[in-house]
1. Using a simple spin-label model with points 7 Å from Cα along the Cα→Cβ vector, what separation in nm is obtained for Gln372 and Thr308?
2. Hey, fewest Cβ within 10 Å first, where do Leu58, Leu100 land in order?
3. Does region 46-143 come out rounded, prolate or oblate by the C-alpha gyration tensor, with a ≥ b ≥ c the root eigenvalues, rounded set by a/c under 1.5 and, if not, prolate when a/b is larger than b/c and oblate if not?
4. Pull up all non-local amide H partners of Lys68: gap of 5 or more, or a different chain, and H-to-H distance under 5 Å with H placed in the peptide plane.
5. How long, wide and thick is the chain, going by the Cα atoms along their three principal axes, in whole angstroms, largest first?
6. Could you line up Val236, Val213, Val90 from fewest to most neighbouring Cβ atoms inside 10 Å?
7. Please compute the alpha carbon radius of gyration of region 227-378, then divide it by the globular-protein estimate 2.2 N^0.38 Å. Two decimals is fine.
8. Take the Cβ-Cβ distance between Phe379 and Asp221 as r, set R0 to 41 Å, and report the resulting FRET efficiency rounded to the nearest 0.05.
Amino acid sequence: MSATLETVKKVAAAEPPAAGMDELLQDIRARRREFEAQSYIPQDIVDRFKAVGVYRALVARRFGGDEKSPAEFCRLVEQISQADGSAGWVASFGIGAVYLAALPLETLEKLYANGPDQVFAGGIFPPQPAVQVEGGLKVNGRWSFASGSTCADVIGTGILPRSGDKVGLPRMAVMPREKVRIEFNWDVMGLKATGSNDLVVEDVVVPEEWTFVRGGASSLDTPLYRYPSLSLATQVLTVVGLGIARAAIDEVLNMAGGRASVTGAPNLGERVYVQLEIAKIEAELRAARAWFYEAIDEVWQVLLGGGTPLDDQISMLRLSSTHASRVAADVTRRAQMVTGMTGVYETSPLAAQVRDAQMITQHAFMGEVTYQNAGAMLFGLKPLPGYL
């Protein structure tokens with residue numbers, strides 16, 4: 001490996017690897033096609049995510065967690081995403097610990113009674129009516145896009161509590177995985193192994209203390225749990241694209257010393273147009289990534305100092321995320337293009353990388369409405385509800 005490529009890879013993974021991480025990433029790379037064929041990340045990989053700290057990363061120290069910073073967690077997900085986009089996407093739902101922090105303290109103590117490595121997954125939309133009954137709220141319905149639910153320990157579903165004619169705020173109802181039926185209907189162009197299937201729940205009574213308002217006030221009051229949760233939910237998905245794009249460039253660089261073309265053309269790395277394009281996308285990816293982490297650090301320093309982030313700072317969290325996801329998808333596609341026909345075969349990682357990076361830009365968090373809201377705020381106008 002060239003010194004340049006070694007330097008590039010170090011930039012994308014500033015945190016020292018956890019014990020067993022290198023072996024885990026090698027295994028993920030080797031099994032990517034297996035994961036896609038079964039449409040979900042298997043239990044043995046999720047168990048190894050637990051071992052390297054994915055699911056306790058954002059759990060409060062009082063419950064035995066690591067309570068890492070948002071940037072530290074994003075770098076962890078980014079590192080896994082370099083091995084495989086779907087694996088990174090599933091790992092990103094370690095953010096569930098931040099959502100769950102809105103549960104009452106007594107409930108959190110029960111949740112983490114056996115340790116902090118609890119895997120949370122769920123489906124939010126559409127919120128389904130939940131009737132008040134003895135013992136809690138009776139939950140029924142179907143929810144889509146429940147990434148990583150196959151190997152979850154607990155699952156949350158979006159509900160609209162009803163008591164007589166009164167309808168409460170939308171909430172998440174948390175229940176054991178065994179109370180939920182998963183309908184395997186995830187058939188898409190990219191991120192095929194995320195297992196983002198439908199959830200079906202029938203007449204499950206969930207105690208009220210096991211429900212929470214998603215994005216509502218946390219029961220914990222350390223800087224991590226005061227960080228804008230919607231922004232973090234967006235960021236942990238964005239870094240999947242950044243990791244994929246990094247891996248795509250690395251793939252081209254690793255191909256550079258291959259045999260000459262059958263047409264007699266120079267090796268890939270000796271072609272001027274390839275040198276130009278790789279330099280451009282390297283610069284674009286680094287710039288987008290630098291702003292992404294800069295926006296995180298700016299807000300994090302405010303929180304560490306006991307302050308409250310400004311709305312404009314939160315908007316930059318959202319804007320830098322959407323921007324980074326678009327740049328990552330573009331970089332990945334352009335990396336594939338310089339390889340000619342080599343990069344279109346399914347035996348090449350580039351084929352899946354292009355599909356996966358493009359899928360991320362389709363997520364609602366990365367939509368054009370981000371630009372609309374951020375643009376409005378730059379002009380001193382109010383954004384649409386729910387943006388901040």
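1. Going from the Gln372 label point to the Thr308 one covers 2.8 nm.
2. Ordered from fewest to most neighbouring Cβ atoms within 10 Å, Leu58, Leu100 come out as Leu100, Leu58.
3. oblate
4. Leu58, Val59
5. Answer, in whole Å and largest first: 77, 47, 37 Å.
6. Val213, Val236, Val90
7. 1.22
8. For R0 = 41 Å, the calculated efficiency reads 0.75.
We did not get these values from a lab; they are worked out from the coordinates using the rules stated. What you see is a predicted model, and the numbers here were worked out from it, not measured in a lab. All Cβ positions, glycine included, derive from the backbone under ideal geometry; neighbour counts span all protein chains shown.
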